[in-house]
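Everything below concerns the one structure shown next.
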Amino acid sequence: DGWLQRTADGELQAGPHSLLALAGEYGTPLYVYSREAIEATWQRFAQALAGRDARICYAVKANSNLAILALFAHLGAGFDVVSGGELARVMAAGGDPAKVVFSGVGKSADEIRQALTAGIGCFNVESLPELERLNQIAGELHLKAPVSLRINPDVDAATHPYISTGLKENKFGIPHSQALAAYRQAAALPHLAIRGIDCHIGSQITETAPFLAALDKVLALVDQLEAAGIAMHHLDLGGGLGIRYDEETPPLPETLMQALFDRLDQWRPGRVPQVMFEFGRALIGNAGLLLTCLEYLKDNEGHHFAVVDAAMNDLMRPSLYQAWHRIEVVNPGDAPVVTADVVGPVCESGDWLGKRRTLALPDDAVLAILSAGAYGATMASNYNTRPRPAEVLLDGRHVRVIRERETVADLMRHERRLKI
Ligand code: LLP
């Protein structure tokens, strides 16, 4: 969040941009992203990987706005997609399909056809039936499908259970114990070309150890596979690196990369295959915030509520995961400080953005909910017939509207009123 500062009179600003003025001009709730912050983070990863045969495939689900995808494409990223829709976005944004990997447990026949026709770089296959389906469709199209198998390494990412994916009880991947047999089956299918191996153990991981544990499992498997005559062109180590929302201290990109590449270099000095990553949150999470206005300050027998105009439908993470996002008042002035739950207008008790926050709240307060660049806008819904927020990208001195605010007419567009 280094792109935010307070002015001498205490107002929160984003470089040359007044957040208060943005809220006034574009309305609230409003997602605000910083191009500079995105690029600075990207450069850190790029520097950590300099001189390596490595690629980052940005996980589109974190933030799939076309302008954001175009920015990552411009920076040289590949993309990790999990649906035909995400692939269409990458193509519309000018991304290179050859640098796309397609993950997910439920790829439909149509999505597989779309991705094969587009010429994506690799399918991260998550089950034996998916291998069969992919082989069949590739045969029909007279193509060879590039595949890697997503292995479930059965390591604990020590994160929230809803976003932990590398344990056997999770639906993801092929169990480590079945991997060799699955690769043998893939090698025997005529319309598949084995490219690599893949794993992803979860999200918002704040330690290096789980990444190393998963890597060790992957490397042991690669040794077995190569002994069985199945060569690996790449190792996809997934995403999952966490960010700082509160007091977390996730490893820096360079620290994590150093640890992983040290291990890889020990394993096969000078002969490490291409390494891929699928980071989402770590690339954009801290580069975005959600602006919202105070509507009412309520006092229910001493329990204070700051009712704001953003809600769980705009930013779902607090309701869904009890996630903590820092909340800053943009224009505290000399308003009195209260301890209040910051809640939205949606008719659910679970509609809160922050609990027991101590904030100086003038009547016309504008609040910034920080670290909302990842899994914010992409998870927004229209519950309570609330149009989704506009999104702007701060680009030097410019403010670019990268998504217009939805209208209620937009929301009703696909519905039919029958003659009753
Ligand atoms: N690759 C695969 C196969 C994934 O499933 C995911 C995320 C990623 C990469 C990117 O993970 P990241 O680097 O962003 O941690 N909605 C949740 C996060 C769900 C993540 C799902 N998979 C949240 O708001 O915390």
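Tabulated values for the structure
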read-out: Compactness of the stretch 40-167, expressed as Rg and Dmax over alpha-carbon positions, Å; value: 15.5, 44
read-out: Overall dimensions of the stretch 104-277 by Cα: Rg and Dmax, Å; value: 16.4, 53
read-out: Alpha-carbon centroid distance for the pair the stretch 69-134 / the stretch 201-269, whole angstrom; value: 22
read-out: Range of Cα positions in the chain per principal axis (Å), largest first; value: 70, 62, 42
read-out: Gained length - MET412 relative to ILE230, 0.36 nm times residue gap less alpha-carbon distance; value: 60.2 nm
read-out: Gyration tensor (alpha-carbon) shape descriptor, the stretch 269-395, a/c threshold 1.5; value: prolate
read-out: Note, ³J(HN,Hα) from phi for the stretch 232-249, Karplus 6.51, -1.76, 1.60, rounded to Hz, x at Gly and Pro; value: 10, 7, 9, 10, 9, 8, x, x, x, 5, x, 10, 8, 9, 10, 10, 4, 10
read-out: Furthest towards positive pole of dipole, PRO345, LEU320, ALA310, structure part the stretch 292-420, Cβ charges; value: LEU320
read-out: Dipole of the stretch 24-102, positive direction: furthest Cα of ALA50, VAL81, GLY24, with charges on the beta-carbon; value: ALA50
read-out: Amide H contacts of VAL100 (H built 1.01 Å from N, under 5 Å, at least 5 apart or other chain); value: PHE79, GLY121, CYS122
read-out: C-alpha center-to-center spacing [the stretch 362-396, the stretch 1-20] in angstrom; value: 17
read-out: Ellipticity estimate at 222 nm from DSSP helix runs (n ≥ 4, -39,500 (n - 2.57)) divided over the chain, nearest 500; value: -8500 deg cm²/dmol
read-out: Integer Hz, Karplus 6.51/-1.76/1.60 couplings in order for the stretch 35-40, x for Gly and Pro; value: 4, 4, 5, 5, 5, 5
read-out: Principal axis box of the stretch 244-298, alpha-carbon based, largest edge first, Å; value: 63, 21, 13
read-out: DSSP-defined antiparallel bridges as percent of all bridges, the chain, nearest 5; value: 45
read-out: Nearest-20 debye value, the stretch 234-389 charge dipole, Cβ charges on Lys, Arg, Asp, Glu; value: 580
read-out: All-pairs alpha carbon distance profile, the stretch 60-106, 5 Å steps from 0, percent; value: 5, 27, 39, 21, 6, 2
read-out: From phi via Karplus (6.51, -1.76, 1.60), per-residue ³J(HN,Hα) for the stretch 195-211 in Hz, x at Gly/Pro; value: 10, x, 9, 9, 8, 8, 9, x, 10, 6, 8, 10, 10, 7, 3, x, 5
read-out: Unit charges on C-beta of K, R, D, E only; dipole of the chain, Debye; value: 1200
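Throughout, read-outs are computed from the coordinates displayed, never taken from laboratory work. It should be emphasised that the depicted structure is a prediction, and the values quoted were computed from it without experimental measurement. Ideal geometry is used to build each Cβ from the backbone, glycine not excepted, and the neighbour counts take in all protein chains shown.
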